[in-house]
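FYI, it's all coordinate maths here, none of it is from the lab. All values derive from a computational prediction rather than experimental measurement. Positions of Cβ are generated from backbone atoms using ideal geometry, with glycine treated the same way; all protein chains shown enter the neighbour counts.
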Amino acid sequence: MNNSSYRKRNKTNSVLLRILDILVILIWLFPLVWLFLTSIKLEQDVVTKHFSFWPEHPTWYNYTKAFTSTYILNWLYNSLFVSACTMVLTIIVDAPIAYAFAKIRFKGKNVLFWMVMAGMMVPFQVLIVPLYLQFNSYGLINTLTAAVLPRVAFPIGIFIMKQFFQDIPDALEEAAFIDGASRWTVFRHVILPLGKASITTVIILSFINAWNDFLWPLIVINDNIKYTITVGVANFQGTQGTQYSLIMAGAAIASLPQIIFFLIFRKQIIEGIAMSGIKG
Amino acid sequence: MIPGNKDTRDGILFSLPFLIVFILFMVYPLLFGLYISFFKWNILSTPVFTGLQNYQDMFHDQKFYSSLLHTLEFVVITTPVLLVLGFAMALVVTGKSPLAPLLETVFFIPYIFSMTVVATLWAWLMQKDFGIFNQVIMLLGGRKVGWLTDEKYAMWSVCLATFWWTAGFNMVLFTAGIKQIPKEVYESAEMDGASYWQSMTHITIPLVAPTTVLCLILQVIASFNVFGQVYVMTGGGPAGSTRVLIQYIYETGFQYFRMGYSAAMSYVLFAIMLAVSIIQYVVLGKNKEV
């Protein structure tokens, strides 16, 4: 084969591959496009034999209706509250022990560490019945507090922070100790600032986990107005009949915070998954 | 010079907040769940000790068997597909295409949506009369498919939605694995005249093996825990043909209030998952040494 025909074939190949790439992109995004298109159609144009792809009368009607006839704003607020509390408590509870595992030599450390790692093996679903009974006896059923508390102990988060804290040079700590700093000061002013990257990762992962949680809030919260967004959207069909355009508008509203969150933290989210995956 | 003599005190103090939460909401419920699995209890009455009765009941419970079977079915279908799909996506994303960064974002995007949104969306796409899948099939002259209403297809439909939703997660893991392979390995293979296919089977696949093992273990655990998609898309139907074990545990506990029986089934599921994880660990661990 001479050089120019080889090059030509290579070029057609790469054009074909690019077309394939674009096709794959369109197919993969299609469900989301369809979600949006459905949400701006009138229900009578959705539930019809006269199928049309583009909305004939684009409208925000379903969005207004979702806000006025459902508790969707409450659900969003509840999810935000639950996720923010989970996130803050996760760091308060998990960062100190990650520091202890990384830097402090104390008796029983290894046993403790393996106990925490064994906690990763326990699927949350195994705990739902006893947890429900436990929260029932505390009188916390149907409260957002109950949705937060069992999610705060996050072994993977401890692992991520521990790996990161370990790499902070001992010399920095020692210098602070010589200056008379206490453990707490060192943790607060040396470890936390230098470990910021791993803490950000854990914050993001715990926020996403809490936001997406479904089974536990489904069980522990009974009032429509107290639902988190995941449970609210799942029950949309039940409360609103089957109005597909309205359901899709609800799904779009429910996803907006996540989309914004993703646009801001894209890099950290992907790195966080890769990190917890590779090291976990 | 370092507060060495206070290390034990500090270690305990810094561990304490976590330990309290861990014991209260992980260790205690784990033991409490095991305890109540030996009781007959509907929350309102006083618990009655029945020994192993709950565990024996499972052997005669058709619904338990069928739910367990559906969970296993879901694990067996989704695990290999999601591994291959995630790997294929990672290959594309780490390849030479100028669109690679865009493709990476596009593949990952479904994963940022919550399960309930994905499930409601796919339930709409697959709706029998007005869903777009059937609309297109009808336009092409085909017949309506009962994606979620036909026992033959319902589980596959739920799996399909799951592929779209979570393949991007595995892609991220595989991409990280592939990026760790030194470029020189590929360059020298190329100089020796290796084709794309050869360098994939002889370099990429063997060198990402640790990532594959990790993905496999994570995926099997995640698939065993399936509940939400099924609950939202089919509600376990038609005729219970997609009811998975966690759904049955949920219904037993929170609709029929048979707390002891529900807890007992949770433990059986836990034991199965633990056994599968250990087997994977032993088998795959051995392979790695060879």
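I'd like the mean, over residues of B:33-39, of how many other protein chain beta carbons sit within 10 Å of each residue's own Cβ.
For peptide B:33-39, the averaged partner shielding equals 2.
Averaged across A:96-107, how many Cβ atoms of other chains sit within 10 Å of each residue's Cβ atom?
If you average over the peptide's residues, the count of other-chain Cβ atoms is 6.
State which helices in chain A qualify, where a helix is a whole DSSP H run, it must extend 30 Å or more along its own axis by its Cα atoms, and its mean Kyte-Doolittle hydropathy must be at least 0.5.
A:3-39, A:72-103, A:244-279
Taking the Cβ of each residue in B:S223, A:S182, B:S262 as the centre, tally the other Cβ atoms inside 10 Å and list the residues starting with the fewest.
A:S182, B:S223, B:S262
Along the charge dipole of the protein assembly as shown, pointing to its positive end and built from +1/-1 on Cβ of Lys, Arg, Asp and Glu, which listed residue (A:I203, B:A222, B:Y153) has its Cα farthest out?
B:Y153
Among B:P29, B:Y256, A:W184, which residue has its Cα furthest toward the positive end of the charge dipole of the protein assembly as shown, with +1 on Lys/Arg Cβ and -1 on Asp/Glu Cβ?
The Cα lying farthest towards the positive end belongs to A:W184.
Please state the charge dipole magnitude for chain B, taken about the Cα centre, from unit charges on C-beta atoms (+1 on K and R, -1 on D and E), reported in debye and rounded to the nearest 20.
The calculation lands at about 440 debye.
Sorting B:T211, B:T46 on the 10 Å Cβ count, fewest up front, what's the list?
Ordered from fewest to most neighbouring Cβ atoms within 10 Å, B:T211, B:T46 come out as B:T46, B:T211.
List the relative contact order of chain B as a percent without decimals, with contacts defined as Cα pairs under 8 Å and 6+ residues apart.
28
Cut-off under 14 Å on the C-alpha distance; same-chain residues fewer than 8 positions from B:K152 excluded. Which aspartates and glutamates are left, in chain and number order?
B:E73
Averaged across A:130-137, how many Cβ atoms of other chains sit within 10 Å of each residue's Cβ atom?
The shielding value for this peptide is 6.
Within straight cross-link reach of A:K11, meaning Cα distance under 20 Å, which lysines are found once same-chain residues fewer than 8 apart are removed?
Filter leaves B:K96.
Write down the radius of gyration of segment A:55-103 and its Dmax, each obtained from C-alpha positions, in Å.
Both quantities, over Cα of segment A:55-103: 20.2, 64 Å.
Straight-line reach from B:K40: which aspartates and glutamates have Cα under 20 Å away, leaving out those fewer than 8 places along the same chain?
Candidates past the 8-residue exclusion: B:D57, B:D61, B:E251.
Roughly speaking, what is the centre-to-centre gap between segment A:42-91 and segment B:28-92 when only Cα atoms are used, to the nearest Å?
Segment A:42-91 and segment B:28-92 have Cα centres spaced 33 Å from each other.
Placing +1 at every Lys and Arg Cβ and -1 at every Asp and Glu Cβ, with all other atoms neutral, what dipole size does chain A have around its Cα centre, in debye to the nearest 20?
820
Give the shape of segment A:17-80 as rounded, prolate or oblate, defined through the alpha-carbon gyration tensor: a ≥ b ≥ c are the square roots of its eigenvalues, a/c under 1.5 means rounded, and otherwise the shape is prolate if a/b is larger than b/c and oblate if not.
Oblate shape, in that a/c is at least 1.5 and b/c is the bigger or equal ratio.
Neighbouring Cβ atoms within 10 Å as the yardstick, rank B:C215, A:C85 fewest first.
Lowest count first: A:C85, B:C215.
Just from its helices, what would the mean residue ellipticity at 222 nm be for chain A, if runs of 4 or more DSSP H residues each count -39500 (n - 2.57) and the sum is divided by every residue, rounded to the nearest 500 deg cm²/dmol?
Helix contribution divided over all residues of chain A: -23500 deg cm²/dmol.
To the nearest 20 Debye, how big is the dipole of segment A:1-130 about its Cα centre, given +1 on the beta carbon of each Lys and Arg and -1 on that of each Asp and Glu?
The calculated dipole for segment A:1-130 is roughly 860 debye.
So, how do all the Cα-to-Cα distances of segment B:153-274 break down into 5 Å bins, in percent, from 0 on up?
Histogram of Cα-Cα distances, whole percents per bin: 2, 9, 14, 14, 14, 12, 9, 8, 6, 5, 4, 2, 1, 0.
Let a ≥ b ≥ c be the square roots of the eigenvalues of the Cα gyration tensor of segment B:42-289; is it rounded (a/c under 1.5), or, if not, prolate (a/b larger than b/c) or oblate?
oblate
Which of the three applies to the protein assembly as shown, rounded, prolate or oblate, going by the alpha-carbon gyration tensor with a ≥ b ≥ c and a/c under 1.5 meaning rounded?
oblate
Give A:K49/A:K226; A:K196/B:K6; A:K196/B:K183 a once-over and call out the pairs whose C-alpha atoms are over 28 Å from each other.
Checking Cα-Cα distances, A:K49/A:K226; A:K196/B:K183 exceed 28 Å.
Cβ neighbours within 10 Å, averaged per peptide: list A:203-212, B:79-88 in order, most packed at the top.
Result, highest mean Cβ count within 10 Å first: A:203-212, B:79-88.
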